[in-house]
1. Looking at region A:351-501, what % of its DSSP beta bridges pair antiparallel, to the nearest 5?
2. Of all the C-alpha pairs in region B:210-362, what % are more than 29 Å from each other?
3. Cut-off under 17 Å on the C-alpha distance; same-chain residues fewer than 8 positions from A:K465 excluded. Which lysines are left, in chain and number order?
4. May I ask you to sort B:F289, A:F227 by Cβ crowding, counting other Cβ atoms within 10 Å and putting the fewest first?
5. Dividing the Cα convex hull volume of region A:304-403 by residue count, how many Å³ per residue is that?
6. At A:Q147, with labels set 7 Å past Cα in the Cβ direction, how many nm apart are the copies from this one, shortest first?
7. For A:L388, which sequence-distant residues (separation of 5 or more, or a different chain) have an amide H within less than 5 Å of its own amide H, given hydrogens modelled in the peptide plane?
8. What number, in nm² with one decimal, is the all-direction average of the projected area of the convex hull of the alpha-carbon atoms of region B:482-549?
Number of protein chains: 2
Amino acid sequence: MKLIIVGGVAGGASAATRARRLSEQAEILMIERGPDVSFANCGLPYHIGEIIPERSKLLVTTAEKLRERFRLDVRTLSEVVSIDRARKSVSIRDLKTGNTYNETYDKLVLAPGASPIQPSFAGVDLPGVFILRTLDDTDRIKKVVDQGAKRAIIVGAGFIGLELAENLVHRGLAVTLVELSKQILGPFDAEMTTPIVATLQEKGVELLLGQSAESIKATNSGLQVRFSSGEERDTSLVILGIGVRPENQLATKAGLETGSRGGIKVNEHLQTSDPDIYAAGDAIETSDFTSGERTQVPLAGPANRQGRIAADNVFGRQSKYRGTQGTAIVGLFGKAAAMTGLTEKALLRLKWDYRKVYIHPAHHAGYYPGAEAMSLKLIFEPKTGKLLGAQGVGGEGVDKRIDVLAVAIQAGMTVIDLEEMELCYAPQFGSAKDPVNMLGFVGAGLVRGDHPQIAWETVGQTASKAILLDVRTPTEFGNGHIPGAINIPVDNLRDRLDELNKNQQIVVYCQVGQRGYLATRILLQHGYQVVNLSGGYKTYLLYQPVASR
Amino acid sequence: MKLIIVGGVAGGASAATRARRLSEQAEILMIERGPDVSFANCGLPYHIGEIIPERSKLLVTTAEKLRERFRLDVRTLSEVVSIDRARKSVSIRDLKTGNTYNETYDKLVLAPGASPIQPSFAGVDLPGVFILRTLDDTDRIKKVVDQGAKRAIIVGAGFIGLELAENLVHRGLAVTLVELSKQILGPFDAEMTTPIVATLQEKGVELLLGQSAESIKATNSGLQVRFSSGEERDTSLVILGIGVRPENQLATKAGLETGSRGGIKVNEHLQTSDPDIYAAGDAIETSDFTSGERTQVPLAGPANRQGRIAADNVFGRQSKYRGTQGTAIVGLFGKAAAMTGLTEKALLRLKWDYRKVYIHPAHHAGYYPGAEAMSLKLIFEPKTGKLLGAQGVGGEGVDKRIDVLAVAIQAGMTVIDLEEMELCYAPQFGSAKDPVNMLGFVGAGLVRGDHPQIAWETVGQTASKAILLDVRTPTEFGNGHIPGAINIPVDNLRDRLDELNKNQQIVVYCQVGQRGYLATRILLQHGYQVVNLSGGYKTYLLYQPVASR
């Protein structure tokens, strides 16, 4: 068996080492265009920020180590320029010498990754304008920062854009983040990004939403960026992080099928349209675990799994890829935003029926010092309560809850199952009723009909007709409430029922939904038409612009 | 409906509030023997340690608040002394006045909890000898500490014993921990407690294993405890934490069935042998989620769930309790030990066939600063790989992995499923191959036969015949190895195969198992008889006495 693997980072490196474990006899070539194999892409922004001061830490392994330990024929600075599928041969250009030569293969694994989208406006090729993909890119950006850059403009407020913003703030730069869309962190539902917007503002990051960079020009002191609003900003450097596209040129040139967004098409065994060619990592189109839709999700975890599965199949094992769930997290100034499964916007696009609930718990028992706040959103099927997706934002413990929910989604569990979850509890780690149990209680209450709830968007649509009833204390009400609301504290509600009209729809809310739930139960049992605002006033705030809060 | 609930803490309080949400009309009495309802049991040691300085924080709610918000008829300092099942009436003693009166019920929920086992040796009733169950107990212990106690002896090294040890060290006391068994933390497998023993020693806690306290006497300066070894120790105070037993006197007196260890017997609806009487919390016997065995597990999470489920059934809802999984965690000086499902010792007792693997990963990507070490043990069915139990010990992130595994066990998942888990990854939060995935890889390798592994105990039994092959570097080998091992680094193994005998069993090991896995694959493919020591040298160390390391 002669196996050639194109690409030596996540998917490629996983495929190569797995292949060697499966066969001591196979001839395994790993062809990598760049100078480094298996480097820590996800660590690059943190090296710029000097949170990871040693560059060497980013080299997860080296070509030399892979040769020694795995007897891989690793060829760096070598580019596969074409595939001759009929002859089962690839043409490889040695980037050091410029020479091109051929290698035949029995099986080929393509793991070329994805490349940052390079916009085409004027000035993108000026010195001081960067993309971030490789260690070399990292070195170039870091050098400018080390030399005392004062201002940075980051174009694109996705995962990498935010991580760069944090790290540049950490290095003392004034950072402007420009995003074409009306929200940061595109994969999330917009309201769940509100606490992260607040954090960015607290840290002094200027955020320009709904705007694009239109041109960059060199000035005496550095660069000047012009935005679609007509505004201009001086800056020391610009980093473009507007997304990635699959590296599919090699595949398309060879006539392999690609999807509508350019990803290399593979079956569940990660086999391309040529049975002797497999593909893995950011360059492929996979199916969404939950919806079954074709999707392209550039994530390190799936890339590693895919590399392993591709190697399995090369050696005749029928391993299957289950699809990508889209579990992802970003950390930012000690906060985190994490997600798994389908978002509300994906469900709206798919026209699937769904319900959602919000909770705003502390990450551990409130009586133990240091409890940090988080907001969780859970999306599920209306009748069965089957879990479809979850998102979380807050401080400590967000990753834990999203991981737990990721497994629950993989297992096909329902909100009812979440009620019964038995999770670790000691006051430093959680609550006797963990946030995951709380999501179960609130979701199951909705599914069972015990706890009718309304989403804030829908309240907005019917607010003129409904009574908006704030059941918090007068003090809380006085500190801020939803416009138009009346106030009857839940503890007085039973004695003041006659103030409410049984023929009118009532929307109850409290701070996080818990007192609202009791109020809803009281009113329901007394014959009122009532729904509880899911997640209460805190959910309402997620929908308000940060500046106005 | 007139519902009487006996007990006002976790199970009782959950049952009462759930009952009110289900029915505004019901008459609900909550009878609590102590002065406080719904206090934070799990926080008591931390108040003594002044990590939770305000006593008021331990009062999760008050009788007054429950009356106001839930219209509960809360009667504290009131003890239900007997049940007349024929008349459906209970006799209640008012502990403030001594008067006794009767109340009838339609349904009764028993949630009296468990009480610390009070040993009977000489001196247990001396001043300065305490148990810890209530807020009053907490006040009494804290007062002695506040008055400048210098030394404490804690009898029993279970969860509460360890939490007390941490908190008393925190207050500057010299602490001796005495445990009858040969290990601390009885619910865990012994080897998984080794890192916690090491932590206790680092913090100066004196640990006396395999010993009991035999008598206590008063001295001029305080107390003196005599141990079974004949040794004596002076101390300022003694806290007895040798376990709890279900408060079943009321139930047994009323003729309700109890199990062999005294827990009140209930069906899956938490109904006792009297269909009008339900029971919840630490006083009941439940079934183990994984094995189906009858069990008694005093944990806050299950108690809360049981309270809710009992109330559901009181009001005609057929909610079922799924059984107790035994998910538990203890924090200690920044370390954690956590478990879920069946332990190896439970499986040995049950005579179930099982396999186990160990890994020793970092809690997040090693290249990001601050990665903390942990050890994980996973137990599963030999053929199917179905998960049976997991234990973890280490720093940050142990709780997350055990929670994820708890859900996987609930879902009936296998080690193969763990390979495919898609969990949150950014370098601050995890690894592209999360520890949970790693458990899957290692476990699935065992199930599939790709990666034959051996447990350390078994190596010990056959070591005289097998070659013990250390595949780490000479430096690592020189820093400490398993007695009798020979050293061939994995990177040289292919060139030195002729040094090994094909007719002899080889046990390979490295530091954590990963290089050993590759070495095993190399040797297998060259026709050697080989197994890898699961978890490598670090697992071996778990089995060595702490002092000898």
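No lab work stands behind these numbers, since they all come straight from the coordinates. All figures in this text were calculated on a predicted structure; none of them were measured in a lab. Here the Cβ is made from the backbone with ideal geometry for all residues, glycine too, and neighbour counts use every protein chain on show.
1. Numbers: 14 of 16 bridges.
DSSP beta bridges in region A:351-501 are roughly 90 percent antiparallel.
2. I get 41 percent for the Cα pairs in region B:210-362 exceeding 29 Å.
3. Reachable lysines: A:K502.
4. A:F227, B:F289
5. Details: hull volume 14.9 nm³, N = 100.
Convex hull volume per residue, Cα atoms: 149 Å³.
6. Sorted ascending, the copy-to-copy spacings read 7.2 nm.
7. The answer is A:I379, A:F380, A:E381.
8. Values: hull surface 18.3 nm².
Averaging across all directions leaves 4.6 nm² for the Cα convex hull.
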